[in-house]
Structure formats: C-alpha cells, structure tokens
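To start, the structure under review is shown below, and the notes come after it.
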Amino acid sequence: MNNETKTNGDPVERGVGRRKFLGVTIGGGAAILAGGSSVLFSTASNAAASAGADSVFKLGGDLPVNRLGFGAMRITGDGIWGWPPNRDEALKVLRRAVELGVDLIDTADAYGPETSELLIAEALHPYPKGLVIATKGGLTRPGPGQWVPNGRPEYLTQCVEKSLKRLRLDRIDLYQLHRVDSKVPMEESLGAIKKMQEAGKIRHVGLSEVGPEEIVRARKVLPIVSVQNQYNVDNRRWDKALAYCEKEGLGFMPWSPVGGGRSLRSGALEAVAKSHGASVYQVAIAWLLARSPVMLPIPGTSSVTHLEENVASGKLQLTPAELKSLDAAS
Ligand SMILES: NC(=O)c1ccc[n+]([C@@H]2O[C@H](COP(=O)([O-])OP(=O)(O)OC[C@H]3O[C@@H](n4cnc5c(N)ncnc54)[C@H](OP(=O)(O)O)[C@@H]3O)[C@@H](O)[C@H]2O)c1
C-alpha cells in the first residue's frame, strides 16, 4: 500500500492532506439528510468540525488515516457467520465508505469467517491509494456467534499468510492480535507476528481488548501502534487503556462505538440528538471523536443509509455543555 508519509511527529493532524470526507467538500451551511436525520454540515475551516472526522491520525507516526473509520464485521451473515443476506448491499457499503472519504477499514479473518476480508477485496481491489485495511487474527470461529482465542505462534503465522491472500495484499498495513490467548504467553504470540513484520508482510501491529499493563508488556516485544477495545458512551470500561493510548500516541479504535446492535439509550443522548436533529448514533460517534484525539471510531453497518448517517456524524459539532452531559451519562 502506498500511503503518503508525513514527517511531523504529532500523530494527530487536523484537516490536512487526506481525501476529504464528502460533507467537507460541499459548501458551508449545506444541510444533508442522512438516514432520516438532518445534520448541518459546516465548512472545512470550522475548528470544531476539523476536530472530528476531518482530522488525521498517523498510525505508528507514518500511516495517516481519517479518524472516522468503518468496521466491516456487519457485512457478514447472521451471527457474523457466512455470507451476508444481501451481498450486493455489502459491496455497495464498502464502495460507498471509500467514496465518502473513509480510509480506515477494520476487519478480521474471523468475520464470516473469511467472508469480510473476501468482500473487501471483491469490492475495492485494486485498492485506492492511502486506503488502510486493518485486519486481525487469533480468534477462531467454531460456529455462528462463537469466538475462541488461539494465540499459538504457528497458527498466527498461518493467519497472516491467509489474510494476505484473501485481501490480495503484499503487506498488511495494520495487523491486530484479536485476543490475548490465556493459554499462550503473549510474548510467543507477538513473537510470531514480529517475525511476519520482519519478513515485510505486516507494516504495523495493534492489540485488541487489552489494558495498560498488557500494552506495556507487548511493547517490550515489538512496537504497538493501536489498541482496539470495546468502548462507547454507555461503556467506559477501558478508560485507563484510552488514557494510556493518548499519553503514548497510540490509536484507540473503540469497537461497538454505537452500541454493537444493542440500542444506546440515555436521556442525555436523546436530548442532544433532538437538539441537533441528529440520531443517537450520530451523537454517539461525535462524542467519541471529541473524547480523545487518538480516538478512531469504526462503526459497522450492513446498510448504505446507516453508513451515510454515521459518516455524516463526523461533522456534528457538540457544545462543551453537551459533551459534559454525555460524559456524565455512562
Ligand atoms: N476487536 C474486537 O474484538 C471487536 C469486536 C466487535 C467488533 N469489532 C469491530 O468493531 C466494529 C464495530 O463494532 P460492532 O459492529 O460490534 O458495533 P457498532 O458499530 O457499535 O454497531 C453495529 C450495529 O449497529 C447498527 N447500526 C450502525 N449504525 C446504525 C445507524 N446509523 N442506525 C441504526 N443502526 C445502526 C448496525 O445495524 P445495521 O447493519 O442494520 O446498520 C449493527 O447492528 C466491527 O465492525 C468490527 O470491525 C471488533
């Protein structure tokens, strides 16, 4: 993947250089209807807007991505198993995401399994310049809805090779250890990933569902550029991991950013949504983007309408008082 390299050491840049989100390229004050909600888009020069989706985070200091990404787990079948019921819509979602300026797509070999990675390649290969596909390995799928960690080094080596083939890549930009396997020392799992990195098959490495102590341990084995943990306006279990990432300049990808299919319901969320003519999903994403400059939300959907609605939330500007009310809502 040919990603432009920037030399500035700050991992967060605002409103520079990247493919712009669709909302930013249109004139100031244009109202866009997305998914039945009406979020007012503002100009690219608007400081609050540029603190959201239009800011760039550099993974590992050299791999820039727009901060609002897309999670490709929901383009699979029921129970994250098999092919999606509407394959055409899944392909459209992927293509539309890129059209809208999304350049960070998260997936995993376990989604389907395999089908999410295969659909990404089918929809988007040859990949546009700068598109970062972040995949994961180390969580197996004995059946629909079942997830079993496997961090054995030989298994992970095989996972990387197979993801490369399915994604039709020579090198994976971001490879994430999906789970730390309690039966295998983390150092051994990461040792295998390190070897694949040294062989040029992986650019950067990330972790998933880990706290600060595990991140520190992992960083003794190899450089870690991102952490992907469950986190949203209702669930702040990983606040300490987020604080660590912010301090150390690692990307933090919150999974289930809009509740993971379970509705996010709080009075504060609904009140803020109502005052902006936005949906609670949009407010949940805008809150995440405002929460930390290292936050890289990856909302997932199987629907183009929901995708458009979610991407539009990058331009939703929340006031300090609204952010405070949402901070208190967990
Ligand atoms: N590292 C990990 O262990 C891990 C675990 C889970 C997920 N992930 C990653 O994180 C990504 C996001 O997580 P997630 O999919 O669990 O949670 P999510 O993005 O919070 O929620 C997705 C669910 O919300 C619905 N949805 C999304 N936008 C909507 C909208 N605007 N209006 C109405 N419904 C909407 C989707 O349904 P529709 O399809 O109907 O829109 C889907 O059921 C995944 O795609 C995956 O890449 C990682």
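Please treat every number below as a calculation from the coordinates, not as lab data. This one's a predicted model, so the numbers in the text were calculated from it and none came from an experiment. Reconstructed Cβ throughout: ideal geometry from the backbone, glycine too, with neighbour counts over all protein chains shown.
Residue-wise HN-Hα couplings along segment 108-118, as the Karplus relation 6.51 cos²θ - 1.76 cosθ + 1.60 with θ = phi - 60° gives them from phi, are 6, 4, 6, 7, x, x, 6, 5, 5, 5, 5 Hz; Gly and Pro carry x.
The phi torsions of segment 221-233, fed into the Karplus equation with coefficients 6.51, -1.76 and 1.60 and a -60° offset, translate into couplings of 8, 7, x, 10, 10, 7, 9, 10, 10, 5, 6, 7, 4 Hz, rounded to whole numbers, with Gly and Pro shown as x. Before anything else, pin down the relative contact order of segment 192-240: Cα pairs under 8 Å, at least 6 apart, normalised by residue count, whole percent. Relative contact order, segment 192-240: 35 percent. For segment 111-173, the normalised intensity computed at q = 0.18, 0.30 Å⁻¹ comes to -0.68, -1.37 (log10 of I(q)/I(0), Debye sum over alpha carbons, equal scatterers, no solvent). Maximal additional length on extending the E248-K129 stretch stands at 40.1 nm, based on 0.36 nm per residue less the C-alpha distance.
Built from the Cα atoms of segment 33-327, the convex hull projects on average onto 14.1 nm², one quarter of its surface area.
Ranked by Cβ crowding within 10 angstrom, fewest neighbours first, how are W238, W81 ordered? Show your work: numbers first, answer last.
Details: W238 21, W81 16.
Ascending number of Cβ neighbours within 10 Å: W81, W238.
Over segment 133-258, what relative contact order in percent results from Cα pairs under 8 Å that are six or more residues apart? Don't jump to the answer; show the numbers that get you there.
Details: 216 pairs, mean separation 25.9, N = 126.
It rounds to 21 percent for segment 133-258.
From least to most packed, judged by other beta carbons within 10 angstrom and beginning with the fewest, M196, M253 follow the order M196, M253.
A simple packing score, the average count of other Cβ atoms within 10 Å per residue, orders the peptides 146-154, 116-124 as 116-124, 146-154, with the highest score first.
The fraction of Cα-Cα pairs per 5 angstrom bin, counted from 0 for segment 206-262, comes to 4, 21, 33, 21, 12, 6, 2, 0 percent, rounded to whole percents.
How high is the relative contact order of segment 269-317, given as a whole-number percent (alpha carbon pairs under 8 Å, six or more residues apart)? Dividing the mean separation by the residue count of segment 269-317 yields 38 percent. Taking 0.36 nm per residue of separation and subtracting the current Cα-Cα distance, fully stretching the chain between N86 and D327 would add 83.1 nm. Computed over the alpha-carbon pairs of segment 48-155, the distance histogram in 10 Å steps reads 14, 41, 31, 13, 1 percent, short to long. Taking a ≥ b ≥ c as the square roots of the Cα gyration tensor eigenvalues, segment 236-330 comes out oblate, since a/c reaches at least 1.5 and a/b does not exceed b/c.
I need H178, H306, H204 ordered by Cβ neighbour count within 10 Å, fewest first. Present the calculation step by step, with values, prior to reporting the outcome.
Details: H178 26, H306 19, H204 23.
Listing H178, H306, H204 from fewest to most nearby Cβ atoms yields H306, H204, H178.
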